[in-house]
Amino acid sequence: MHSSLNSASPRTAIALLAPSLDGGGAERIMVALANGFVDRGLTVDLVLVKKQGEYLGDVDPRVRLVDLGASRTLLALPPLVRYLRQHRPHVLIAALNHVNVVATWARSLAGTPTRLVVSEHCNLTALLGKRRTVTQRLLVRLMRATYIKADAIVAVSHGVAEDLSEVLDLPRERVHTLYNPIDVERLSQQSRRPVDHPWLAQGGAPLIVAAGRLTPQKDFPTLIRAFKILRDRGCQARLAILGEGEERPQLEALIRDTTYQDDILLPGFQRNPYAWMRAGAVFVLSSTSEGFANVIVEAMACGTQIVSTACPSGPDEILEGGKWGRLVPVGDVNALARALEESLQSPSAPDVERRAADFNLDKAINAYLQTLCLN
C-alpha cells in the first residue's frame, strides 16, 4: 500500500483536518504530522475549517493547505463532503472532538472509501468537569455514536486513552495511544537562536519559565502565588509566563498584588519559546489537566529541568513518575513553591534531553504510519 501511495497518482495519501492553525497544542501537532508525512514522500493535505493562525508559516511548502472557508466547524460539513468526493484521500486524520464528529458525518455523506482516524488530545473528564451542561452531554453522546465508526481512534497519552474508553464506553483495545510528534532536533536548534530580550541575556537572577494559553486550565494563578512564596523565602528568581489568552487581566492584577511585579513577565505569544526554555533554570507546568503536555518534552529537549503538576494526563507518563523531573499535586501552592526551590538549588539534574529523544518526530511518524497501515 505504501508504494501505491508514492506512485505518480495525484490522489492525496493523507489529509489532516483541524479547525485552524491558531496557537494551540493540537494545532501545532497537526502541522508537525503534516510536515513529517510529507518528508516521507507522501502527498499531504492540511485541511482547515478556517485558514488562519500563528502556525501557518510553519507548514512545509510541500503540504497543500485547503481552506474550507467556514466560520465554525459545523458549517464546514458541506465543503468537507465536497473535498472528500473530489480528492478522495486514502486517510483522513481529524483532531479535537467537535471536528472528529463532523469528520465522521462527512465521510459517511461523501460515500468515499477514505479511512478515518479520529484523535483525542484532551482528558475528557477533566475537560467536561463534574457538572456537565446540556451542550456537553450532547457532545458526549455524539462522540459515543461517531467515534466507534472510525477506522482508528487515537489518544495522545495512556491517561487520555483510558479516560476516553471509560467516558464513551468504548472497547479499550479500540483506542491506540500515539504520543505527539515533537521535532526535538529542530526546536533544539531554534532554542540556540538569539532572541532580543534583556531577560535572556547572561547574568541576573535564575529564570523560571512557563508556557501556554492564559486560560483557567493552565492554573497560572497557583504558579504566581508559588513564586511569591519562593521570593518571600529569600530565593532570588524571575518568572516568565509565555502565551496569550482570556485570563491576562486577572493574572496582571494578581502579579501587581505580589510585590514582585518587576520580576514576573507576561511577554505574550512567542514565535520562539524554545530560546526562553533554554535560558530557563526551570520549566514549570502548573495545569489542572493536559492531554499530553507537549511543552514538557519541548523544555526537556532544550535541556531544562522540569517541575510539573501530576495532572491528568501526560506529565506523569513523560516524567515516568518523577524520574525525569519533580511532580507536585494539582493546585498545591506550597508543594509547587518547594519543588521550584529544590530545583533552583539542586546541584545536579537528570539528563532530560535523553528522555526528550524518546518522543522525537521520527518515532511518532513511524507509529502513526503503522497504525494507518501505511508503512
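Brief remarks on what is shown
- Radius of gyration and Dmax over the Cα atoms of the chain, both given in Å: 21.1, 66
- Hull volume per residue, based on the alpha-carbon atoms of segment 23-175 and their convex hull, is 120 Å³.
- Projected label distance in nm at Q345 and I148, using a 7 Å step from Cα toward the beta-carbon: 5.6 nm
- Three-way shape call for segment 189-271 based on the alpha-carbon gyration tensor, with the a/c threshold at 1.5: oblate
- Translational diffusion of segment 28-97, µm² s⁻¹ [Kirkwood Rh, Cα pairs; Stokes-Einstein; 10 °C; 1.306 mPa s]: 125 µm²/s
- Helix-only [θ]222 nm of the chain, DSSP H runs n ≥ 4, -39500 (n - 2.57) each, per residue, nearest 500: -11500 deg cm²/dmol
- Mean Cα-pair separation over length for segment 185-358, i.e. relative contact order, pairs under 8 Å, 6 or more apart, %: 25 percent
- Charge sum, other residues only, whose C-beta stays under 13 Å from V295's C-beta, Lys/Arg counted +1 and Asp/Glu -1: +1
- Here each label is just a point 7 Å from Cα along the line to Cβ, and for D257 and L128 those points are 3.3 nm apart.
- Segment 152-212: Rg to Rh, with Rh as the Kirkwood radius over Cα pairs: 1.27
- Using a cutoff of 8 angstrom between alpha carbon atoms and counting only pairs six or more residues apart, the relative contact order for the chain works out to 15 percent.
- Put the Cα centre of segment 179-219 next to the Cα centre of segment 303-375 and the gap is 15 Å.
- Rounded to the nearest Hz, the phi-derived 3J(HN,Hα) couplings of segment 142-156 under the Karplus curve 6.51 cos²θ - 1.76 cosθ + 1.60 (θ = phi - 60°) are 5, 4, 4, 6, 9, 4, 5, 8, 6, 6, 8, 10, 10, 10, 8, where x marks glycine and proline.
- Within-14-Å neighbourhood charge of N35 [Cβ basis; K, R +1; D, E -1]: -3
- Cross-link partners of K363 among lysines, defined as those whose alpha carbon lies under 22 angstrom from its own and excluding same-chain residues fewer than eight positions apart: K323.
- Peptides ranked, highest mean first, by Cβ atoms within 10 Å: ranges 132-138, 120-126: 120-126, 132-138
- Among the listed pairs K50/K149; K50/K130; K149/K218; K130/K218, a Cα-Cα separation exceeding 29 Å is found for K50/K130; K149/K218.
- Protection proxy ranking, peptides 94-101, 187-194, average beta carbon neighbours within 10 Å, highest first: 94-101, 187-194
- Projected-area mean, segment 185-358, by convex hull of Cα positions, square nanometres: 9.1 nm²
No value in this document is a laboratory result; all are computed from the given coordinates. Only a predicted model underlies this, so the values are computations on that prediction, with no experimental measurement involved. As a convention, Cβ positions derive from the backbone with ideal geometry for all residues, glycine included, and neighbour counts pool all protein chains shown.
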